[in-house]
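Each remark here refers to the structure printed beneath this line.
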Amino acid sequence: MLEILSTDNILFSIAGTGVSLLETISVISGLTCVYLATRAKVANFWMGYLYNILLFMLFYQKGLYSSMLVQPISFMINFFGHYRWTHPKKGEENSKNQLKVTLLSNSRRVYFVVQIFILAAIWGFALTYLDNLFPSIFSEAKRPFLDAFVTVTILTAQYLSAQKKLECWAAWFTVNVTNVTLYILAGMVFLPMVSAGYLVLAFFGFTMWRKAYENNN
């Protein structure tokens, strides 16, 4: 099974760069997950669990260790969001008895932005020494600070999504724009193109969540 999902197992090529079966399956599950999230469907969490597992394997093979190591954390946030959406507290429920869309305060917005940059700097610095600490497991990390920034922003976006905060889509916009650069630098062609698709879905997600916010507040 692991051999089949190796990035050396090329399924097709784009602009002379091979796209593996693992990348293809990851993209399909990711797009499905985001589409379901834009529709505020709880089923997005089930697809998210699969997406986390596939990304863990993909990023390990591509040497993007920050993105790889964060997948277990992302999995747990996904689980937390699954529970929050389906078990809203009194006064938090929408007409479907699920968690309703809300907004962050201005102070909380500033807090999350500052937190992203501080944690990304710390984690990026740590990644530069990962191959020295565990030479038998990790090779030299590629673009550690950019990788760390994307990773921290993804976790922030996912946490805000778990709380059904409208601002999560601003974080997802940032993630997808940055991912285009990161994936190209890592030698991937297919995923940068897919990130453009994620941007389109994020736009629709923001539009639909804002409408839901206006209808429930």
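Details
- Relative exposure of H82, H87, judged by other C-beta atoms within 10 Å (fewest first): H87, H82
- For T174, T156, order by how many other beta-carbon atoms lie within 10 Å, fewest first: T174, T156
- Nearest-0.05 FRET efficiency for T86 and F117, computed from C-beta distance (R0 41 Å): 0.80
- Gyration tensor verdict on region 14-90 (Cα atoms; rounded if a/c is under 1.5, prolate if a/b is larger than b/c, oblate otherwise): oblate
- Listed by Cβ neighbour count within 10 Å, with the fewest neighbours leading, F117, F56 appear as F117, F56.
Bear in mind these aren't lab numbers, they're just calculated from the coordinates by the rules spelled out. The shown structure was predicted, so the numbers you read here are calculated from the model rather than taken from an experiment. Methodologically, a virtual Cβ is constructed for each residue, glycine included, from the backbone with ideal geometry; neighbour enumeration extends over all protein chains shown.
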